[in-house]
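See structure below.
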Amino acid sequence: MPPMFRFLLFFVLNLIPLGGIAQMKTPFVSYDFKKDAQYSSKLTALKKAEIKGGMANTKSIAAWAYDHKDWDTAIDYYEKLIVDAPTAENFFKLGVAAARRSLEVSRFFSVPYVIKARKFVLKAHELQPNQIVCLNLLIQLHAEIPDILGGSMTFAQKKATELNRIDPIEGMLMKAYLFQLNNETEAAINQYRELFRTLKADMKKLENGFLSYRRDLIFELGRAAAEYQLESELGIAALDYYILDFSDEDNYPLEWAYYYRSKIYFYNDQLEKAKTSLKQALEIKPDFEEGLALLKVIKLE
């Protein structure tokens, strides 16, 4: 390792906290693809076919690895794919894979993944500037990583304003997130209140209710309702919807949805419902630390 790079890593890792993208406790769904024989078997077959089939099989390998959360393999093959197919989708998935992988490794090894994630999500955004999921991740990356690695809170806030013009509900959610990140709790709570008011007015116009919103947004509504004791009825409805339609494609674990629902019930003195929801969370993950801690509190009541 060159001396200058060694110094840079020491500076980043010891003097500046690496932002939330690499270290913040964010509950994403994980998958142990190494124990999935079917995954490994098909991956091997696809790699053999790639030698003969070219880009179509490269795309199949990248997608197969991405869907099974094998982030390193997904990164390798999306990097190959963008050479011949530099689309916004491919750049975005490459950025997502790098961001998610950064959460799985130590702080020291997360640095190159964080840099790669920011670079490729930014490229995807340049190609599709109004793409909401891309803007969301771009804002988080710039808000959470240090300036020395390309982060910028000013840039994140600017993009949150852009997002707000494209979709006010998504924009308000992201602005609340930025307030949280900056420890501006009152401002975050006020933004969530405004978000819930706008959402309720919006949902009156929609016949299909939560179906019109992103799954991550629905989960975040429930989380905000639980953490800030806001709009309990709407928060429970959001979490119920998330739980009912949960699938392997969701980003947040099912036990966390049960956990946040339990907190809402607890804060509203519905202790039996709180216990039932928490029991469902612990059935999925018996060593769920936050769930076990909440269970102790509930039992004291």
Which value, in debye to the nearest 20, describes the size of the charge dipole of the stretch 201-301 about its Cα centre when Lys and Arg Cβ atoms bear +1, Asp and Glu Cβ atoms bear -1, and nothing else is charged?
260
Going by C-beta contacts inside 10 Å, put LEU221, LEU43, LEU173 in order with the fewest on the left.
LEU43, LEU173, LEU221
Average the reciprocal distances over every distinct pair of alpha-carbons in the stretch 201-301, invert the result, and give the Kirkwood radius in Å.
13.7
Just ASP76, ASP287, ASP167 to compare: in a GNM of the chain, with alpha carbon springs under 10 Å, which one fluctuates most?
ASP287
What span do the alpha-carbon atoms of the chain cover on each of the three principal axes, reported in whole Å from largest to smallest?
60, 44, 44
Most mobile of SER110, SER152, SER247 in a GNM of the chain (Cα contacts under 10 Å)
SER247
Gain in span if fully extended, ILE166 to GLU194, counting 0.36 nm per residue against the direct Cα distance:
8.4 nm
Taking K and R as +1 and D and E as -1, what net charge do the other residues with C-beta under 14 Å from the C-beta of ASN182 add up to?
-2
Would you mind counting up the charge near LEU278? Only other residues with Cβ under 12 Å from its Cβ, with Lys and Arg at +1 and Asp and Glu at -1.
+4
Would you mind working out the magnitude of the charge dipole of the stretch 88-227 relative to its Cα centre, with +1 at each Lys and Arg C-beta and -1 at each Asp and Glu C-beta, to the nearest 20 Debye?
260
Quick one: go through the stretch 63-103 and flag any residue whose amide nitrogen is under 14 Å from the point 7 Å out along the Cα-to-Cβ line of LYS42.
63-70
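Roughly how many debye, to the nearest 20, is the charge dipole of the chain about its Cα centre, given +1 on each Lys and Arg Cβ, -1 on each Asp and Glu Cβ, and no other charges?
The calculation lands at about 660 debye.
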Over the Cα atoms, compute the radius of gyration (one decimal) and Dmax (the largest Cα-Cα distance, rounded to a whole number) for the stretch 51-110, in Å.
11.7, 39
Out of GLU255, GLU289, GLU144, a Gaussian network model of the chain with alpha-carbon springs under 10 Å gives the largest mean-square fluctuation to GLU289
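Ranked by Cβ crowding within 10 angstrom, fewest neighbours first, how are LEU254, LEU94 ordered?
Starting with the residue having the fewest Cβ neighbours, the order is LEU254, LEU94.
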Computed helical MRE - 222 nm, the chain, DSSP H runs ≥ 4 contributing -39500 (n - 2.57), nearest 500
-23500 deg cm²/dmol
The simple spin-label model distance between ILE115 and LYS296, using points 7 Å out along Cα→Cβ, in nm, is 4.2
Take ASP67 and GLN229, extend 7 Å from each Cα along the Cα→Cβ direction, and tell me the distance between the two endpoints in nm.
4.5
With label points set 7 Å from each Cα along the Cα-to-Cβ direction at VAL133 and LYS34, the distance between them in nm comes to 2.7
Sorting ALA156, TYR252, PHE108 by the position of each Cα along the dipole of the chain (Lys, Arg +1; Asp, Glu -1; all at Cβ), the one nearest the positive end of that ordering is PHE108
C-alpha center-to-center spacing [the stretch 239-268, the stretch 112-180] in angstrom
25
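Throughout, read-outs are computed from the coordinates displayed, never taken from laboratory work. Worth saying up front: this structure is predicted, and the values here are computed from it rather than measured. Cβ: placed from backbone, ideal geometry, glycine included. Neighbour counts: every protein chain shown.
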